[in-house]
Every structure is written in C-alpha cells, then in structure tokens.
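Let me begin by presenting the structure, written as structure tokens, before commenting on it.
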Amino acid sequence: MNGAESLLQTLGHNGIEVCFANPGTSEMHFVAALDRQPHVRGVLGLFEGVVTGAADGYSRMLDKPAATLLHLGPGAANGLSSLHNALRARVSMVNIIGDHAGYHRSLDAPLTSDIEGALRPFSNWVRTSPSANSIAKDAADAIGYSLSGQISSLILPADTAWNCADEYTQPPNAIAPTPASADPAVVEAAAVRLRASGPRTAILLGGRALRSPQLEVAVKIAEATGATLLAETFAARTERGAGRPMVTKIPYPVEPSVELLQNFDSLIFVDAKPPVAFFAYPDKPSVLTAPGTTVFTLSPIGADSLQALDDLHNHLAEAAGNSRGRSSLHAELAPAPAPSGTITAAKLAAWLSGAIPENAIVLDESITTGRGFYAQTAGSQPHDYLGGTGGSIGWALPVGAGAAISSPDRKVVVLESDGSGMYNPQSLWTYAREQLDIVVLIFANRKYQILRNEMSNVGVPDFGPKAESLLDIGNPAIDWVSLSHGMGVPATRVETIEDLDRDFRAGLTDSGPRLIEVLV
C-alpha cells in the first residue's frame with residue numbers, strides 16, 4: 001500500500017464519497033488509487049474554480065465534506081476564488097493539493113511555490129503531510145476539522161503519495177470538534193430584552209440557522225414576542241417557500257439596509273455576523289445598524305444554533321403560550337399572476353415565483369436582473385435557495401454541479417448572469433459529462449450592469465468611452481447557445497415570457513442538463 005492508497009482509504013472510511021478533481025503529474029498516484037477505492041467517486045472539472053465551487057455546493061446541501069484534488073500551487077490558485085466563497089459559506093471541505101517530492105523542492109523547478117502560504121488565507125486548517133506513514137492520520141485530522149463547517153487543505157508531496165505506507169487494520173477515525181453551546185447568561189439577557197422590547201428587537205439568522213428546524217423555533221419566539229426575523233444578506237442556503245417560515249433578508253444596497261435596521265434597538269445574532277456594507281462608499285456608513293444598537297450573540301458562528309434557539313424559547317415559555325396576535329409567519333403558496341410578452345426584470349421575478357418546482361434547489365447569481373427574485377419567490381413551492389457568500393463572481397454554475405451531485409433526486413435551477421457566467425463556463429462540460437439534472441437560465445443584458453450601478457454608488461455618475469468599454473460585454477456578443485452546445489448541453493435562446501416558460505417546462509421534464517439564454 002502506498003501513501004495515496006492510504007489517503008484514499010482514510011477518506012472513504014470517514015464518509016467522503018466524492019472527490020472533485022483537476023489533477024496533474026504530482027497527483028497521478030492518487031488518481032491511480034481511485035480505481036482501488038470503491039467508496040470515493042472522482043468527478044472531473046476542466047478548471048480548478050469548478051472543482052472547488054462544486055465541492056462548496058455539495059457540502060451546502062449535505063453538511064458533509066467532499067474532497068478536491070488540485071495540482072500544486074498554481075492549480076490551487078486557480079481554485080481560490082471559489083474557495084473564498086466556500087470559506088464564507090462555512091462549508092465542510094477537504095482539499096488535497098499535490099506538491100513536488102520533498103527532495104525535488106529545493107531545485108526550484110518551474111511549478112515550485114509556497115503552497116501553504118497561498119492556502120492559509122482561504123482555509124481554516126493547513127498541513128503538509130511529510131511521509132507515507134503520516135498521511136492517514138493527517139487525512140483523518142483534516143476530515144475531523146472540516147466536519148464543523150471548516151475548510152481543510154492537506155498538501156500531498158509526490159513522494160508521500162508513491163512511497164510505501166505501513167499496513168493497518170483500518171484507517172483512523174476522524175473526530176469532529178464538539179460544537180460550542182450558547183452562554184446561559186446571554187440566553188437569559190436576550191430573553192429579558194425580548195420580554196421588554198420584542199417589537200424593537202430583531203433575530204438575525206445566518207448559516208445553518210436558516211434551515212427549517214431552526215426557523216420553526218425562531219418563528220415561535222417571534223410570534224410570542226413581536227420580534228422580527230431577519231436573514232443575512234449573503235446566506236449560503238435558506239429553506240423557504242410555501243409552508244415554511246418567512247424571514248426578511250437584509251438588502252444589499254446601503255440605504256435600504258440602514259432604513260430597515262434603524263427600526264431595531266436590539267439584535268440577537270444566531271450563527272450570523274454583524275451586518276456591514278459590502279464595500280466602502282463615499283458619504284455612506286459601513287456599519288449598517290443604528291448607533292447604540294444592543295447586540296446579543298446567542299449562537300456564535302459554528303455553534304449549535306438549534307439548541308441555542310431552543311434554550312431561548314424555553315426561557316420564553318410563559319410568553320410563548322400567549323401570542324400577541326401576530327399573523328402566522330409561515331408563507332402561503334402565492335405565486336404572482338403569470339406575465340406575458342417581452343421579457344423585463346419585473347416580469348422575470350413574477351414568472352419565476354410560479355415556475356420554481358417543488359423541492360427544487362435554486363442558485364441565484366442573477367445580480368442586477370434578479371434583484372426582485374428573492375421577495376417574489378417567498379410564496380413559491382418549497383425549495384432551497386442558495387446565494388452568494390464571499391462575493392467572488394461566477395460561483396453559481398460550479399456550485400450547481402456540486403448541489404446536483406449531492407441531491408440527484410432533486411431538480412437544480414441555476415439563475416446566472418451572462419457576465420458572471422463567463423467566469424466558470426467550463427462547469428457546463430461537467431454537467432454534460434455527469435448528466436446532471438440542471439436547468440440554467442442565463443440572463444443576457446450583454447453588459448456589466450452591476451458595475452454601472454456601482455459607478456454611481458461610488459460617486460462617479462458620468463464616465464467616458466474608455467470607462468464605458470470596460471463595462472460592456474456586447475461587442476462581440478457572447479453566444480451562449482453555441483457555447484453550451486459546444487460543452488455538450490442542449491440550449492435555446494428566448495425573447496418572450498411565453499417562450500421562456502415553454503423551454504423551462506421542457507427542461508423540467510428532461511432528466512439531464514439544459515441551458516436557456518434569456519435576452520433582457
């Protein structure tokens with residue numbers, strides 16, 4: 001048994017079933033060992049950003065890690081944009097990054113680099129495995145650390161992979177850290193504030209607190225006290241739709257966020273961070289909460305948010321049995337009236353509210369076009385809504401691949417912009433190769449409209465032809481239909497709501513991937 005086989009045995013033994021990969025020479029022993037490890041499936045991505053993004057989507061849906069396989073420092077660097085988003089999404093992931101054999105590193109061959117230094121800003125845990133005999137324990141440590149919603153990066157020198165490793169009865173077990181518990185003093189203080197000033201208090205939910213079990217407890221607290229339920233602007237995954245609790249997402253723009261948050265004297269954080277502006281803007285605040293707002297960190301990031309909410313609800317048991325007459329905070333099935341004719345952003349939001357199929361996984365990177373999608377789809381069929389987290393562009397296509405592989409019995413709908421989509425279009429090839437059940441909507445306005453808006457936000461409303469040329473992607477226009485066909489995914493182009501609805505319904509009926517370019 002060599003080190004690569006020992007590594008793969010440890011991955012499979014500890015429940016890792018998928019390795020998203022873009023390998024090179026230093027990883028060939030790992031690739032060969034896949035044939036001798038029946039528990040780990042290899043999935044090829046044609047670009048490392050697809051690999052790390054797919055692992056992100058897989059973990060968002062299953063709350064367990066996938067592995068990635070990347071080629072030395074430059075290969076890992078190609079995946080860092082998606083890895084940044086995954087870090088912000090607080091997913092579980094184990095990256096395996098090949099490196100030169102130890103004796104070869106000192107020769108400064110062309111691909112030599114400081115891999116540990118490159119990975120540390122984008123990982124919670126980094127280690128280089130020094131020998132074939134150490135790799136099993138190192139892998140178990142990496143897996144265990146990742147199980148708490150962290151990213152581990154394990155560097156595998158080529159000689160560690162090809163050298164013989166000692167035999168063992170079974171690979172070592174990964175040990176997950178024990179989640180932190182809520183501080184009883186904070187629970188009591190938050191309960192006191194809710195009893196005294198519930199309507200002026202908001203419960204800000206993020207991370208795994210936006211899943212149905214936590215939301216159901218939060219709704220009981222809100223209905224009993226008059227508190228408002230808020231969601232982080234950039235939530236990795238929210239379970240929502242008809243029959244599920246409703247939350248108000250903090251808007252992306254500064255002004256409406258400030259207007260919303262000034263209604264509250266107190267915020268209770270549940271697996272969430274204090275809301276701040278995405279960027280600094282001249283003459284606009286960076287901190288979005290009102291001055292003097294009191295904050296309670298009920299459940300710190302990564303802690304047991306369900307237990308923390310249960311503890312708070314129990315402290316409020318007397319009030320919980322005496323609702324203040326608020327209407328139910330569960331959404332009713334209420335799609336907007338079906339629109340028709342020429343496609344506009346408003347019509348798209350209304351159409352989407354009735355088009356989302358039950359139990360779908362919806363990924364939304366529509367940015368400018370989709371500003372109204374979230375609010376309009378609150379009363380759609382029950383679905384999971386995956387959003388951007390770290391701000392690195394082009395995440396939806398690769399994350400969709402991982403989501404589809406994690407949940408093959410569910411339809412995946414990717415809402416993507418034409419500019420953002422060009423960051424990781426190689427994802428479509430993986431869709432075709434794996435025959436993933438995904439419908440992609442590309443909203444094509446053939447410009448970087450979000451950057452035009454940001455020009456105004458930073459105080460530059462007027463700009464000339466040189467600046468204009470950097471915000472325009474219509475010359476030449478990207479032919480998404482041809483691009484998709486070239487990757488092996490059937491595609492059409494539509495210009496009316498009727499044609500969009502027809503092609504989308506056809507995509508829902510099919511079991512493989514399909515792309516629709518929507519001209520807006």
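Any read-out appearing in this document is the output of simple, stated calculations on the displayed coordinates, not a laboratory observation. Note that the coordinates shown come from a computational prediction; the quantities given were computed from them, not determined experimentally. Quick reminder, even Gly has a Cβ in these numbers, built from the backbone with ideal geometry, and neighbours come from all protein chains shown.
To the nearest 20 debye, what charge dipole does region 184-320 have about its Cα centre, counting +1 at the Cβ of each Lys and Arg and -1 at the Cβ of each Asp and Glu? Please report the intermediate quantities before stating the final value.
On the way: 12 positive and 14 negative charges, 49 e Å.
That gives region 184-320 a dipole magnitude of about 240 debye.
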How would you rank 166-175, 64-73, 124-133, highest first, on the average number of other Cβ atoms within 10 Å across their residues? 64-73, 124-133, 166-175
Given points 7 Å out from each Cα along the Cα-Cβ axis, report the ARG41 to GLN435 separation in nanometres with one decimal. 1.2 nm
Binned Cα-Cα distances of region 3-162, short to long, each 5 Å bin given as a whole percent: 2, 11, 22, 26, 23, 12, 4, 1, 0
A chain fully extended from ALA317 to ALA280 at 0.36 nm per residue, minus the present Cα-Cα distance, gains in nm 9.1 nm
I need the helices of the chain that pass two filters: whole DSSP H segments spanning 24 Å or more by Cα along the axis, and mean Kyte-Doolittle score no lower than 0.5. none
Extension gain from SER134 to ARG502, taking 0.36 nm per residue of separation minus the Cα-Cα distance: 126.8 nm
Electrostatic dipole magnitude of region 345-519 [Cβ: Lys, Arg +1; Asp, Glu -1; Cα centre; debye, to 20]: 100 debye
Of 363-374, 111-122, ordering from highest average Cβ density within 10 Å down gives 363-374, 111-122
Any idea what the relative contact order of region 312-431 is, in percent, if you count C-alpha pairs under 8 Å spaced at least 6 apart? 25 percent
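What does DSSP give for the chain in terms of the percent of beta bridges that are antiparallel, rounded to the nearest 5? Walk me through the intermediate numbers first.
Working: 8 of 73 bridges.
Percentage antiparallel, nearest 5: 10.
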So, in the chain, how many Lys pairs have Cα atoms under 29 Å apart, if the pair is 8 or more places apart or on different chains? 18
Would you mind working out the magnitude of the charge dipole of the chain relative to its Cα centre, with +1 at each Lys and Arg C-beta and -1 at each Asp and Glu C-beta, to the nearest 20 Debye? 820 debye
Peptide ranges 186-197, 281-292, 142-153 listed from the most packed, as the mean C-beta count within 10 angstrom indicates: 142-153, 186-197, 281-292
FRET efficiency estimate (nearest 0.05) - Cβ-Cβ, ALA346 to SER482, R0 41 angstrom: 0.90
Furthest towards positive pole of dipole, VAL295, SER266, PRO253, structure part region 184-320, Cβ charges: PRO253
Can you divide the C-alpha Rg of region 236-366 by 2.2 N^0.38 Å and report the result to two decimal places? 1.31
Taking the dipole about the Cα centre of the chain, with the C-beta of Lys and Arg at +1 and of Asp and Glu at -1, give me whichever of SER81, ALA308, SER26 is farthest to the positive side. ALA308
Roughly how many Å is it from the Cα centre of region 183-251 to that of region 435-490, as a whole number? 36 Å
Charges on Cβ only, +1 for Lys and Arg, -1 for Asp and Glu, centred on the Cα centroid of the chain; of ASN14, SER181, SER406, which one is farthest towards the dipole's positive end? SER181
Computed over the chain, the relative contact order (Cα-Cα under 8 Å, seq sep at least six) in percent reads 14 percent
What list of whole percents do you get for P(r) of the chain, with Cα-Cα distances grouped in 20 Å bins up to the one holding the largest distance? 22, 51, 26, 1
If I histogram all Cα-Cα distances within region 105-171 using bins 10 Å wide from 0, what percent of pairs lands in each bin? 19, 44, 30, 7
Stretched out fully, how many nm does the piece from ARG371 to ARG105 gain, at 0.36 nm a residue minus the Cα gap? 90.8 nm
In deg cm²/dmol, rounded to the nearest 500, the helical mean residue ellipticity at 222 nm of the chain, built from -39500 (n - 2.57) for every DSSP H run of length 4 or more, is -10500 deg cm²/dmol
Using label points projected 7 Å from each Cα along Cα→Cβ, tell me how many nm separate ASP472 and ALA290, to one decimal. 4.6 nm
